[in-house]
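Report on one structure; see the data block that follows.
The values are calculated or read from the model by the stated rules, or taken from the named source; none is laboratory data. Since this is a predicted model, take the numbers as computed values, not measurements. No Cβ is skipped: glycine too gets one built from the backbone with ideal geometry, and neighbour counts run over all protein chains shown. What goes into the accessible areas is simple: the full protein's heavy atoms, side chains included, and nothing from ligands, DNA or RNA. Shrake-Rupley method; radii C 1.70, N 1.55, O 1.52, S 1.80 Å.
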Amino acid sequence: MTLRVIAIAGLVFIGSCAYPPPYEPTGPVLSYEEHMRLASVYERRGETGLALREYKKAAMAEAGRAHPHFAMGNIYLAVGYYLEAEDSFLKAIELEPEVGVFYNNLGWLYLQTGRPIQADAIVRRGLVNDPRRSYIYFDTLGVVETVLGSFAEAELLLNEALASIPHTDTVGLFHIYTHLHELYLITGEEDKADEAKRRIRELGLIAPPFPYPWIIR
């Protein structure tokens, strides 16, 4: 996915002062689900500090649940707190090692911190766990190969992602075409770059969530 740091699944940093108060469950103690719901509300508004607070409370409410750690990892990754993001993703993997997207997003952290070889290895582990959505991992691996300078392999992987992604997944298509466009700019293939740019415009999206909208509540 794209190497610029933008948020995943609603981490769009927008002002929130015009919104009504968020959902605040009543009662002395909130449940895991209530903390997760409240965190999601804060996250969509860009109130990342409050979102982190609620995800941490959710993690304490049910210590065996991986999803709060994954959500915290995504926030930390988006704002550049890489050590905290890595710890959160690794904790999510420890708790639920079968979830492929945990590995994918950890791979993005490794890419952003200059560790493409580690990124390749961890993303491939995610692919093994989640072959039904192989396009997520082919896309990320295509970016890994671009970073490594293996441009032919990068193009092959990105085209495999295109071949397997559902046509209704416009956000995923946006990411794949964006990575193809970046690849062709590097390789100097102007016609292919123009075609990828045309496809991006047809999708009508601007900077959708990073790196994929896979966040599990």
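List pairs: first in the stretch 95-107 and under 17 Å from Ala59 (Cβ atoms) and open to solvent by 10 Å² or more (accessible area, probe 1.4 Å), second in a helix (DSSP H, G or I) and of a type in the set (A, V, I, L, M), Cβ under 7 Å, 6+ apart or cross-chain? Taking only residues 6 or more apart or on different chains, not a single pair turns up. When Leu141 is tested against (1) touching a residue at least 40 places away in the same chain (Cβ under 8 Å); (2) under 25 Å from Arg199 (Cβ atoms), only condition (1) is not met. Scanning the stretch 120-149 for residues that are open to solvent by 50 Å² or more (accessible area, probe 1.4 Å) and not basic (Lys, Arg) turns up Ala121, Val128, Asn129, Pro131, Val147, Leu148. Can you find even one residue in the stretch 156-164 that is among the polar types (S, T, N, Q), under 16 Å from His179 (Cα atoms) and assigned to a loop (DSSP other than H, G, I, E, B)? Looking through the stretch 156-164, none of the residues is among the polar types (S, T, N, Q), under 16 Å from His179 (Cα atoms) and assigned to a loop (DSSP other than H, G, I, E, B).
Taking the stretch 150-164 as the range and being of a type in the set (Gly, Ala, Ser) and crowded, with 18+ Cβ neighbours inside 10 Å as the test, the residues that pass are Ala154, Ala161. Every residue in the stretch 166-180 that is under 12 Å from Gly142 (Cβ atoms) and not hydroxyl-bearing (Ser, Thr, Tyr), please. Across the stretch 166-180, the qualifying residues are His175, Ile176, His179, Leu180. For the stretch 168-186, a residue qualifies if it is free of Cβ contacts under 8 Å to residues at least 40 places away in the same chain, open to solvent by 50 Å² or more (accessible area, probe 1.4 Å) and more than 19 Å from the chain's Cα centre (by Cα), and exactly one does: Leu185.
For the stretch 94-135, the candidate set comprises residues that are assigned to a helix (DSSP H, G or I) and of a type in the set (Asp, Glu); within that set, the residue that is farthest from the chain's Cα centre (by Cα) is Glu94. Could we say that Arg37 is open to solvent by 10 Å² or more (accessible area, probe 1.4 Å) and part of a loop (DSSP other than H, G, I, E, B) here? Considered against the rule, which asks whether it is open to solvent by 10 Å² or more (accessible area, probe 1.4 Å) and part of a loop (DSSP other than H, G, I, E, B), Arg37 comes out as no.
Scanning the stretch 67-77 for residues that are open to solvent by 10 Å² or more (accessible area, probe 1.4 Å) and over 19 Å from Glu98 (Cα atoms) yields a count of 1. For the condition of a type in the set (Gly, Ala, Ser), farther than 19 Å from Glu43 by Cα and assigned to a helix (DSSP H, G or I), Ala152 qualifies.
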